[in-house]
Structures are given as C-alpha cells and as structure tokens.
Amino acid sequence: MELASDLVELNHKMEAAAYYEQALETVTESTMKTICLKNLLSLRIDSGKYDIALEIANKMVDGLNANVPEDVLAEIQVSRILLTLLVKPPEDSKPPSLKQLFIDLMNDNESDTIPLNTDLKLKLQSIIICHATGDTQALISVSADTKQFLTLQQVELLHKLISDERG
C-alpha cells in the first residue's frame, strides 16, 4: 500500500490502482482494507472510470463491517448516489443495498446506512429529482447549495452530472 500511495503522489494513478488491487488480496485487517478500497475508489473517480468506481463503492458498503466510522460511510454513500446518477446502471444490475439506499433516501426512512444530516439528505433528494426530470437549471441551483456538504471529488462528480445533463 505504501508503494501505491507513493505512485499517487507521483501522479501515476493507474499503476497505483493496480497496487491497491493487489494489496486488497493480501490485506486481512478490516480498517486497512477499508482504507485501501477508499483510495482505490478515489483513483477510479479521478480517472473517470465511474462504472468501476460504483462497483468498488458498492463492494465497500456491502462488505463493510459495523466498525466503519460514520463519516466514512456517509462519504461513500453520497459518492454512490452521485455515481449511480452518472453511470445509470440498469435496475436489475443494481445491488440490493444500492436500491435500498435510494428507497430510504427518497422516502425519508431513517437508516444506519445513510448517516447524513437532514440538509444533505434534502439536497440529495432534490438532485435526484432534478436529474430524473431533466431540469438542468434546478440541478445547477441545487448544486450550488449542496457543495458545502460535499468533498471536492463529489463536487467534481456533481459538475460532471450537470455537464452531462447539458448535453
């Protein structure tokens, strides 16, 4: 994992991803595995491989144990939502946890799987609805208010979503 981190620093992201994937095969400790997956997810998003990133994020949530810090889980879940909107996977290929995430979010169901504050939940609901209806202007407006709750990488995903909406 150290080599992968060094490669990231040198901007050799594809090589770093290969080393993170290799590390995943040997790492047994759950915290290290989570860190490795999180780094791999970040690399895949940075390289524009959103479909692979979504698979990694899904694997993270489906394979995580209960000891994952709430902030890490929240970050992964927000990324999953944005990646799903970008990738638009067929409904039958979505894992049950991803379907449940959208159901819980859109129905305001309280769940340990979406440890998000109320404001962020409302913003994500608005983003999903704007995206579903194709209302680009509303999506732009909502995204301006949402950025404060997102990581820089998630803001970039949101910008990509908007640019895709514009055509």
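Here the contact order of the chain, divided by its residue count and restricted to Cα pairs under 8 Å and six or more residues apart, works out to 17 percent.
Extension gain for the segment residue 109 to residue 87, taken as residue separation times 0.36 nm less the Cα-Cα distance, is 5.5 nm to one decimal.
I want the local charge near residue 134. Using Cβ-Cβ distances under 12 Å, sum +1 for each Lys or Arg and -1 for each Asp or Glu among the other residues. Around residue 134, the charge tally is -2.
Computed on the range 24-71, with alpha-carbon pairs under 8 angstrom and 6+ residues apart, the relative contact order is 36 percent.
Springs between Cα atoms under 10 Å define the GNM used for the chain, and in it the highest mean-square fluctuation of 37, 152, 116 occurs at 152. Diffusion of the range 91-167 by Stokes-Einstein, at 10 °C in a medium of 1.306 mPa s and with Rh set to the Kirkwood radius over alpha-carbon pairs, works out to 120 µm²/s. Cross-linked pairs 121/160; 33/147; 33/160; 49/94; 94/121; 33/121: Cα-Cα separations exceed 23 Å for 33/147; 33/160; 33/121. Maximal additional length on extending the residue 47-residue 138 stretch stands at 30.0 nm, based on 0.36 nm per residue less the C-alpha distance. Distances between placed amide hydrogens fall under 5 Å for residue 113 paired with no residue 5 or more residues away or on another chain. Set against the labelled values (i) 143; (ii) 184; (iii) 118, volume of the Cα convex hull per residue in Å³ computed from this structure falls on (iii).
Rule-based calculations on the coordinates, nothing more; no lab input. Remember, it's a predicted structure, so these values are computed and weren't measured experimentally. Backbone-built Cβ (ideal geometry, glycine too); neighbour counts: all protein chains shown.
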